[in-house]
Amino acid sequence: MALSTRVTICYQDRYGFKWCIGFHVDNTVVDPDDAKIVAVIAAINILTRAVNITVELSKVNAPAGAATSLASYVNEDKGFFRFTDEDGSPHSYKIPSLVPGILDANTESITSSNVLVLAYTNAVKTYAQGRGSASIQVFVSAYRKENRKLLKR
Amino acid sequence: MALVLEPSNELILHFVDYNGKHATSLYWLDETETDPAVGGALAIANAAQGISNAYLSVVEILRRARESAPGSATAGPYDRFSDKLKFFFVAEDGSPVIIEIGSPKETVLNTDHKTANRSNSAVSGFLTALQDNAVSAEGKAITYLQSANRIRPSGRKKQ
């Protein structure tokens, strides 16, 4: 876990222009409306003629690891995974630099029964949701894309 | 006035491939998922790493809130966002912490209109608020205010 949590607070001046300030608080803070953040916003509000409109809090974790050398597919190659939520609305997720073993023989479609693919689609269905909190429920299909264009080779 | 939380937290997986190119994968999680090292964030991150040859360098969770009644910005000689008051703080490890406040009130400036009046209660209150509540990126306490100067908007040499 990072040593601190980054907070970005955005203000708007009387002409409608938006500007943002970044600062850090200790990494135990998890709420944008934490008393520490509210105290800093209150102090800034006294200094400025603009008004605070949003607060964004960023918490990061850096896993250990390294990229695979001489990989078949780099980050421009993406796996495009399509799902629908509880209301039937579509959601899609992209994974870069695909492991070749999850691709079908045509190297375009992704084997949905592959154990690694199943682990991913199940994790998404279990934990992901839409921005409005509708849960992701159905995995539809997955295929490989490069720069948003299907490959033919 | 109150901060209203969004119903979902954003999960961003930052991948770096062997050539050093960066790519991200975005998700929304339940608002209770606040730690990128556990729970749903960890599960999706591990599963995504399983099907990618790129290195998952950072797992990031963003939580957002919006002010429900922000009020109205007021008029003054430096009321544009491009007029800024640049604060240069120093943390206990000597690292700089720089914060630029747009649209500063003229009452916090010295008579030269270029530097902040350190004895002004708003300026000293800002320093106290940061010392009590904020830290540097490395998690070190903010110790003192080194300088605070007004930055003129580009193209405006005198005013």
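Just so you know, all these numbers are worked out from the coordinates, no wet-lab data involved. As the structure is a prediction and not an experimental result, all values here were calculated from the model. In this analysis, Cβ positions are derived from the backbone assuming ideal geometry, glycine residues included, and neighbour counts consider all displayed protein chains.
General remarks:
- The residue that is farthest from the other protein chains (Cβ to nearest Cβ), counting only those in region B:11-30 that are surrounded by fewer than 17 Cβ atoms within 10 Å (Cβ to Cβ) and assigned to a loop (DSSP other than H, G, I, E, B), is B:Gly20.
- Only listed residue being in contact (Cβ under 8 Å) with a residue 24 or more places away in the chain, among the aromatic types (Phe, Trp, Tyr) and outside any loop (DSSP other than H, G, I, E, B), chosen from A:Tyr73, A:Tyr143: A:Tyr143
- The residue of region A:100-139 that is surrounded by the fewest Cβ atoms within 10 Å (Cβ to Cβ), among those that are in contact (Cβ under 8 Å) with a residue 24 or more places away in the chain and at the interface with chain B (Cβ under 7 Å from one of its Cβ atoms), is A:Gly130.
- Within region B:31-126, strands (runs of 3 or more DSSP E) holding 1 or more residues that are more than 8 Å from every other protein chain (Cβ to nearest Cβ) and of a type outside the set (Gly, Ala, Ser): B:84-91, B:96-102
Rundown of residues vs (1) over 26 Å from B:Tyr18 (Cα atoms); (2) small (Gly, Ala, Ser), yes/no style:
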site: A:Ala64; (1), (2): no, yes
site: A:Val74; (1), (2): no, no
site: A:Ser97; (1), (2): no, yes
site: A:Ala105; (1), (2): no, yes
site: A:Ile110; (1), (2): no, no
site: A:Leu118; (1), (2): no, no
site: A:Ala128; (1), (2): yes, yes
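- Scanning region A:48-69 turns up no residue that is over 26 Å from the mean Cα position of the chain (by Cα) and in a helix (DSSP H, G or I).
- Residue in region A:36-53 that is touching a Cys at 6+ places or on another chain (Cβ under 8 Å) and closer than 27 Å to B:Val97 by Cα present: yes
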